[in-house]
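Participant: Can you keep this structure in mind? I'll have questions shortly.
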Amino acid sequence: MSAAEHTLAGSAEIPVSLRGPASTRVVAGFGFWLFLLSDILIFAALFAAYSVLSGETAGGPSATDLFDRKHVFIETLCLLASSVTCGFGTLAVQRAQAAMVYFWMTLTFLLGATFLALEIGEFRDLVARGAGPSHSAFLSAFFTLVGTHGLHVTLGLCWMIVMLIQVATLGFRPMVVRRFFCFGLFWHALDIVWVGVFTIVYLGAR
Amino acid sequence: MEPQLQQSAQGDTPGVSAQTHGTHRTYLIGLGYALVLTLTSFWAASTDLVFPPGVPVLLGVLAIAQMGVHLVFFLNISSAPDQTNNFLALAFGIFAVALIVFGSMIIMANLNHNMMMPVE
């Protein structure tokens, strides 16, 4: 550890211009971060559409009639807790502790799946009450925005399974560790988008 | 197996892990802040104590604060030297998001205003 600290302190003294190309970890992280920002731009467009259309209910139910805040609060807690367990999982990957990785990532998966189940339940309930996406511009925008977020969570769950299989078969190679790091970024970014969703869609309805 | 494990990239200091991951403590502090902000948001949306026209502003401030907490404590975005590019990309991303969201809202509100039937 002291040797590592020494190397780090040494590298800090070299000016940026003389350090050579950045490490693959930094470059891969930057590339994935650019992808995440472009993904957030998609959500920005959907948020803009929702804000513009949220009043266009075509005589149907409005946001205040439809949404249940307790339900949303539980969804929010699930996603927040899964963000933290995912962070703990990423830390375990760095320390190459396979058992801890499986434990924390299984917990993350269960919390993510609970969130998704609650959201699908809400969608089914809305459709059953005749408030499906085809009813009004407001509901189309709502289902597109929240549905796109749900789709991202679904893809995240699939990616999580793939990463666990890679840890089991390939072990903690630098390549796998990098992918795990990118997965962590993806999962945390979804949580940031959800903060916007529950504020604008669910709490903004009054 | 051994050559694969040695596959560290140019510029990587062997045996030194990334400093951009945070610690258990970082995540727990972030969780604490995020929980407080979430609870405040849900409380503010359903209380009568806050002046009603001020509630959307309060919710906006709380949401932006929580996004900041997530960025700093979960995504570990900082102004550290090896993160300059990430930080600049984030700044541009925020600019583009603001342009799309507020631009659309202003344009559509203006259109709505102009399309209204004149009251006779």
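Readers should treat all values here as calculations from the given coordinates under stated rules, not as data from a laboratory. What you see is a predicted model; the values in this text were computed from it and never measured. Positions of Cβ are generated from backbone atoms using ideal geometry, with glycine treated the same way; all protein chains shown enter the neighbour counts.
Participant: Counting other beta carbons within 10 Å of each residue's own, what order do A:Glu56, A:Glu122, A:Glu75 fall into, fewest first?
Facilitator: Exposure proxy ranking, most exposed first: A:Glu56, A:Glu122, A:Glu75.
Participant: Give me the orientation-averaged projected area of the Cα convex hull of the stretch A:82-196, in nm², one decimal.
Facilitator: Over all viewing directions, the stretch A:82-196 projects a mean Cα-hull area of 7.3 nm².
Participant: Using only the Cα atoms of the stretch B:15-120, construct the convex hull and provide its projected area averaged over every direction, in square nanometres to one decimal.
Facilitator: Spelled out: convex hull of the Cα atoms, projected over all directions, averaged, 10.4 nm².
Participant: No solvent, one uniform scatterer per C-alpha: report log10 I(q)/I(0) for chain A via the Debye equation at q = 0.16 1/Å, two decimals.
Facilitator: -1.05
Participant: Under unit Cβ charges (Lys, Arg +1; Asp, Glu -1), what dipole magnitude, rounded to 20 debye, does the protein assembly as shown have relative to its Cα centre?
Facilitator: 500 debye
Participant: Also: In the Gaussian network model of chain A, springs joining C-alpha atoms below 10 Å, which of A:Ala113, A:Ala131, A:Ala168 carries the largest mean-square fluctuation?
Facilitator: Looking only at A:Ala113, A:Ala131, A:Ala168, the biggest GNM fluctuation is shown by A:Ala168.
Participant: Something else about it: I want to check the label-to-label distance for B:Leu111 and B:Leu39. Put each point 7 Å from Cα in the C-beta direction and report it in nm to one decimal.
Facilitator: 4.3 nm
Participant: Given that compact globular proteins tend to follow 2.2 N^0.38 Å, what is the ratio of the alpha-carbon Rg of the stretch A:64-146 to that value?
Facilitator: Ratio of Cα Rg to 2.2 N^0.38 Å: 1.43.
Participant: If you take each beta carbon of peptide B:64-76 and count the beta carbons of other chains within 10 angstrom, what is the mean?
Facilitator: That works out to 5 on average.
Participant: Normalised by the residues of chain A, what does the relative contact order come to in percent, with Cα pairs under 8 Å and at least six apart? Write out the running numbers ahead of the final one.
Facilitator: Values: 158 pairs, mean separation 63.7, N = 206.
That works out to 31 percent.
Participant: Are there any trypsin sites (Lys or Arg not before Pro) in the stretch A:70-169 that are in a DSSP loop and have at most 15 other Cβ atoms within 10 Å? List them by number.
Facilitator: On the way: sites: A:Lys70, A:Arg95, A:Arg124, A:Arg129; in loops: A:Arg95, A:Arg129.
Sites meeting the loop and neighbour criteria: A:Arg95, A:Arg129.
Participant: Which of A:Leu116, A:Leu155, A:Leu190 moves most in a GNM of chain A, Cα contacts under 10 Å?
Facilitator: In this elastic network of chain A, the residue with the biggest mean-square fluctuation among A:Leu116, A:Leu155, A:Leu190 is A:Leu155.
Participant: For chain A, what are the DSSP H helices with axial Cα length of 15 Å or more and mean Kyte-Doolittle hydropathy of at least 1.6? Walk me through the numbers before you get to the answer.
Facilitator: Details: long enough: A:2-13 (17 Å, -0.16); A:24-53 (44 Å, 1.80); A:69-94 (38 Å, 0.90); A:98-128 (44 Å, 1.28); A:137-170 (48 Å, 1.67); A:174-197 (35 Å, 1.27).
Sorted by number, the helices that extend far enough and score high enough are A:24-53, A:137-170.
Participant: Figure the gain on full extension for B:Ile64 and B:Ser78 (residue separation times 0.36 nm, minus the Cα-Cα span) and round it to one decimal in nm.
Facilitator: 3.4 nm
Participant: If you wrap a convex hull around the alpha carbons of the stretch B:38-100, what volume per residue comes out, as a whole number of Å³? Don't skip to the answer; put the middle values down first.
Facilitator: Numbers: hull volume 5.9 nm³, N = 63.
Roughly 93 Å³ of hull volume per residue.
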